[in-house]
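Peer 1: This is the structure I want to talk about, given as structure tokens.
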């Protein structure tokens, strides 16, 4: 590939640590793919900002590069994609000081991650990943999250999660 100049603009608020939900929209040869994720680790009280996940998702470390892995399973090389859009909403909760304080917001956001992935799929978007969570869903908070993401994914406006 010949040398080229590219630009990446990062909003300052995306540097805040805490619990975020995000959707990657990938413009790839042959179509558009979505990947739904969250910040707020399950194994530690860390809740990194979404910009930190950008490089990890597209890197080569097997335990961190879920977006790359999902694309490659579809025969798509990330380097051949046209654009990567990261749409992040948060922080929904601040980062906790210890694991005990971390668990409740982590579980709330995990349930919303699952619901958002399911609603995007139900709305006809191609979501590459399946999110597993059996945590109870905060329907009021999900409504605000859905509205935030509907600005970027208009078919979400018609989705309603059942209580």
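Peer 1: Kindly indicate which of 142, 92 is assigned to a helix (DSSP H, G or I), buried (at least 16 other Cβ atoms within 10 Å of the Cβ), touching a residue at least 24 places away in the same chain (Cβ under 8 Å) and under 17 Å from the mean Cα position of the chain (by Cα).
Peer 2: On the way: 92 fails: assigned to a helix (DSSP H, G or I).
Exactly one of 142, 92 is assigned to a helix (DSSP H, G or I), buried (at least 16 other Cβ atoms within 10 Å of the Cβ), touching a residue at least 24 places away in the same chain (Cβ under 8 Å) and under 17 Å from the mean Cα position of the chain (by Cα), namely 142.
Peer 1: Looking at region 40-52, can you tell me whether even one residue there is in contact (Cβ under 8 Å) with a residue 60 or more places away in the chain, within 12 Å of the chain's Cα centre (by Cα), crowded, with 18+ Cβ neighbours inside 10 Å and assigned to a loop (DSSP other than H, G, I, E, B)?
Peer 2: yes
Peer 1: Can residue 156 be described as within 20 Å of residue 26 (Cβ to Cβ), more than 14 Å from the chain's Cα centre (by Cα) and part of a helix (DSSP H, G or I)? Give the steps one after another, and end with the answer.
Peer 2: Numbers: within 20 Å of residue 26 (Cβ to Cβ): yes; more than 14 Å from the chain's Cα centre (by Cα): yes; part of a helix (DSSP H, G or I): yes.
Against the criterion (within 20 Å of residue 26 (Cβ to Cβ), more than 14 Å from the chain's Cα centre (by Cα) and part of a helix (DSSP H, G or I)), residue 156 qualifies.
Listed here are the residues, each with its yes/no results for (1) in contact (Cβ under 8 Å) with a residue 24 or more places away in the chain; (2) within 18 Å of residue 18 (Cα to Cα); (3) not in a helix (DSSP H, G or I).
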position	(1), (2), (3)
56	no, yes, no
69	no, no, no
76	yes, no, yes
85	yes, no, yes
103	no, yes, no
121	no, no, no
124	yes, no, yes
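Peer 1: Please pick out the residue among 80, 102 that is at pLDDT 90 or above and either in contact with a strand residue (DSSP E or B) (Cβ under 7 Å, 6 or more places away or on another chain) or farther than 23 Å from residue 7 by Cα (or both). Break it down stepwise before answering.
Peer 2: Details: 80 fails: either in contact with a strand residue (DSSP E or B) (Cβ under 7 Å, 6 or more places away or on another chain) or farther than 23 Å from residue 7 by Cα (or both).
It is 102.
For (1) modelled with pLDDT of 95 or more; (2) more than 17 Å from residue 41 (Cα to Cα), each residue gets a yes or a no:
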| site | (1), (2) |
| --- | --- |
| 64 | no, no |
| 89 | yes, no |
| 109 | yes, no |
| 112 | yes, no |
| 126 | yes, yes |
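The values are calculated or read from the model by the stated rules, or taken from the named source; none is laboratory data. If you're wondering where the values come from, they're calculated on a predicted model, not measured in any experiment. Please note: Cβ atoms are built from the backbone with ideal geometry, for glycine as well, and neighbour counts cover all protein chains shown.
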